[in-house]
Amino acid sequence: HAALVEVDVAGKFRRGSDGAVVFAFGKHAGRPLADVARTDPDYLGWMLTRPFLADVHDRVRAALGTVYGRR
């Protein structure tokens with residue numbers, strides 16, 4: 001499965017040139033998920049209210065947990 005799916009099934013995220021997880025869509029396209037978690041957590045909160053696939057929600061929750069110490 002990991003060989004077929006780079007970061008998430010829906011392709012909302014991808015690996016950047018440095019290996020970091022970056023957005024592949026929307027207003028934060030190309031920005032690292034970790035940076036968005038720090039600078040625009042409300043956007044990630046919005047994502048959690050939308051019907052994205054579970055693996056996207058899991059990745060977003062993990063990013064928010066890392067920033068806010070809730071892993």
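The values are calculated or read from the model by the stated rules, or taken from the named source; none is laboratory data. Since we're looking at a predicted model, the values are computed, not measured. Side chains are part of the model used for accessible areas, which takes the heavy atoms of the whole protein and leaves out ligands, DNA and RNA. Shrake-Rupley method; radii C 1.70, N 1.55, O 1.52, S 1.80 Å.
The residues of the chain have, on average, 62 Å² of accessible surface per residue, using a 1.4 Å probe with all protein chains present. Note on the chain: helix-only mean residue ellipticity at 222 nm, from DSSP H runs of 4+ residues weighted -39500 (n - 2.57) and normalised by residue number, equals -13000 deg cm²/dmol.
Calculated on the Cα set of the chain, radius of gyration then Dmax: 11.4, 32 Å. Overall, the accessible surface of the chain at a probe of 1.4 angstrom is composed of carbon and sulfur to the extent of 52 percent.
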